1. Could you please state, rounded to a whole Å, how far the C-alpha centre of the range 27-62 is from the C-alpha centre of the range 215-254?
2. May I have the extent of the alpha carbons of the chain along their three principal axes, as whole Å values ordered from largest to smallest?
3. Work out from phi, with θ = phi - 60° and the Karplus expression 6.51 cos²θ - 1.76 cosθ + 1.60, the ³J(HN,Hα) of each residue of the range 64-81, listed in order in whole Hz, and give x for Gly and Pro.
4. On full extension of the chain, what length is gained from MET380 through THR278, given 0.36 nm per residue of separation minus the C-alpha to C-alpha distance?
5. Taking the Cα centre of the chain as origin, sum charge times position over the Cβ atoms of Lys and Arg (+1) and Asp and Glu (-1), and report the length of that vector in debye to the nearest 20.
6. Using only the Cα atoms of the range 146-232, what do you get for the radius of gyration and for Dmax, in Å?
7. What do you get for the angle between helix 279-290 and the principal long axis of the chain? Use alpha-carbon atoms, 0 to 90 degrees, nearest ten.
8. If you restrict to DSSP beta bridges whose two residues both lie in the chain, what percentage is antiparallel, to the nearest 5?
Amino acid sequence: MFQSLLIKNATAILPSGRALTNLLVENGKIVSMDAAPTTIAKEVIDATGLVLFPGLIDDQVHFREPGLTHKEDLHTASRACAAGGVTSFLEMPNTKPAAIDQSLVEDKYRLAAGKSIVNFGFYIGATTTNIESLKYATGVPGIKIFIGSSTGDLLVDDQESLERIFAETRLPICAHCEDETTVRSNQARLGTDLKVSDHSVIRDEAAAVIATRRAIDLAKRHHHRFHVLHVSTAAEIPLITDHANLITAELCPHHWHFNCDDYARLGNLIQMNPSIKTRDDNTRLWQALLEGHIQVIATDHAPHTLEEKKQPYPKSPSGLPAVENYFSLLLDRASRGECTWEQIASWTSDAPARVWGLVGKGRIEIGYDADLVLVDPNEMRTIENSEQFTKSRWSPWAGESLRGFPKQVFVDGRTVFRDGKIVTEQPAARLQFDHTLGGFWKTQDGVGPG
Ligand code: DOR
């Protein structure tokens, strides 16, 4: 059925900057940015006073299906995405079973195809024994390595396996970088009488720096495209800077927003891997983002039930939900002059699309898919647990008042969220990857490596 949508008078955040547009969508694609305001379309929206962003692409989420669906599932998580302006997600392999070969990855695609209301992609996870699966995997954004262990039992920290993965595979690699040996020896030193603030002593700055340095060394020697997930310390910034675009990096909201002082107020709720660090790290990581040393913002959305989180440390699991709040955290920062809407669009949409070679995503541009978010930049609201769409029904930002919220969200030109409500159950699409697109993945001679 022919579908058309006209969004009139919107301040759109385009690759070239903001511009007043009359945006016309036909059959899910952006076909015009300066349509006549009188154009006849099935749906016409007057967006006067609203800002139109490209839909957010969250490249690091843990949606728990299969196997851990008491915490979250692909349906509830995708609704949380829609409410937060996230129109595409890339999900991590530490489900149960872990997604470590093509058929397990395809199982997840099949599950999502029946129930995810936003677009979806799934990484393949590395183990010490699945090099053949990694070599021949297709239809995935890339390979995820847990160089340090976290939720689940995926871990590759022996040098021989890491060398082989970087040498013999061709897909882009991303990694959770916390050095296992450092973490274990910190743990042994602190003993068993632990409080949650010890989490940042066990998973300390050295653990992050050692593992990030090790992974970058591998990427450089093997000339392999590499994305550093959730940078948590300022000490990692020199490591990720200036590697001829072979290496990109990512920051998560909890690592710029929370620090060790917040354990007193929030306790286990902000227990995360990598751990949160100091106030100084918050400031310097945000600065690294502004300066372009970090290109991507993602959430590491990792829900656990409140009951699980409330167990005494270290029984309490690491992880927090974030997909539905991070856009507003950023819009709020923009409202205070700490960043621009253009930067937000780059960090949350254009950059992740280019890092992972997402076809047709990441920009408001003719020919691109109409994954869009209409934002009211002046709406003020206090985050409430009861309003969260995630199955875990809590947010570490509950009680915080923010300015700037998604008002209407479109996936392929169809409204999925409007004025606080999910308005569709229709499944969205499997993401397509073209790793030769690679805006970031260029060597000095302009040829994409790997
Ligand atoms: O704290 C975390 N929890 N960090 C991760 O990398 C994984 C995540 C989870 O899956 O629970």
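Throughout, read-outs are computed from the coordinates displayed, never taken from laboratory work. Since the structure is predicted, the reported quantities are computational estimates derived from the model, not experimental observations. A quick note on method: Cβ atoms are made from the backbone with ideal geometry, for glycine too, and the neighbour counts reach across all protein chains shown.
1. So the two Cα centres are separated by 33 Å.
2. Over the chain, Cα extents along the principal axes are 70, 48, 40 Å.
3. 6, 10, x, x, 10, 6, 6, 8, 5, 9, 5, 6, 5, 5, 5, 5, 4, 4
4. Contour length minus Cα-Cα distance gives 33.9 nm.
5. Dipole about the Cα centre, nearest 20: 420 debye.
6. Spelled out, the Cα radius of gyration and Dmax of the range 146-232 are 13.9, 45 Å.
7. 50
8. So the antiparallel bridges in the chain amount to around 50 percent.
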